[in-house]
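For reference, the structure is listed below as structure tokens.
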Amino acid sequence: MALMITDECINCDVCEPECPNDAIYMGEEIYEIDPRKCTECVGHFEEPQCVQVCPVACIPVNPAHVETRETLWERFERLAAAKAASARAAAEDAGGKPSPEAPPPSTAEI
Ligand code: SF4
Ligand code: SF4
């Protein structure tokens with residue numbers, strides 16, 4: 001199941017950097033969780049990290065997104081594959097366009 005943040009949230013900013021899936025973001029008034037990215041931390045940690053750090057315990061299960069552990073695991077694998085693909089693309093981009101400030105290759109050690 002994905003989790004959700006209730007209106008008891010005090011916008012303390014603590015949970016957002018703890019999410020391994022970047023599922024937490026600032027909404028119009030309080031932080032929110034994107035259910036397409038939340039795996040309840042399956043694949044990363046034993047316990048939901050946002051729940052662990054929230055000082056006001058305002059992160060329950062989202063009743064609109066009741067999911068099995070298998071579904072959460074599949075989501076984790078999909079997100080991990082997408083992240084790896086985007087890191088590969090970024091690395092290829094960087095490799096194809098050398099920085100003009102990069103020093104020339106050294107020949108001192110040859
Ligand atoms: S349970 Fe884990 S994946 Fe879901 S929002 Fe919290 S920290 Fe992110
Ligand atoms: S840790 Fe809890 S109170 Fe703090 S921003 Fe996240 S949901 Fe809101």
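We did not get these values from a lab; they are worked out from the coordinates using the rules stated. Nothing here was measured: the structure is a model prediction, and the numbers come from that model. Virtual Cβ from ideal backbone geometry, glycine too; neighbours counted across all protein chains shown.
Odds and ends about this structure:
- Debye, to nearest 20: dipole size of region 16-86, +1 on Lys, Arg Cβ, -1 on Asp, Glu Cβ: 240
- Look at the alpha carbon pairs under 8 Å that are at least 6 residues apart: their mean separation over the length of the chain gives a relative contact order of 30 percent.
- Unit Cα scatterers, Debye sum, the chain: log10 I(q)/I(0) for q = 0.10, 0.16, 0.17, 0.22 Å⁻¹: -0.42, -0.75, -0.81, -1.16
- Rounded to the nearest 500, the helix-only mean residue ellipticity at 222 nm of the chain stands at -10000 deg cm²/dmol, with each DSSP H run of n ≥ 4 adding -39,500 (n - 2.57).
- In degrees, nearest ten, helix 69-96 long axis to first principal axis of the chain (Cα): 20
- For the chain, CYS9, CYS12, CYS19, CYS38, CYS41, CYS54, CYS58 have no disulfide-compatible partner, since no other Cys C-beta lies under 4.7 Å from theirs.
- Label separation (GLU18 vs HIS44): 1.1 nm, computed from points 7 Å beyond Cα along the C-beta direction.
- Put the Cα centre of region 61-91 next to the Cα centre of region 1-59 and the gap is 15 Å.
- Furthest towards positive pole of dipole, TYR25, ASN11, PRO35, structure part the chain, Cβ charges: PRO35
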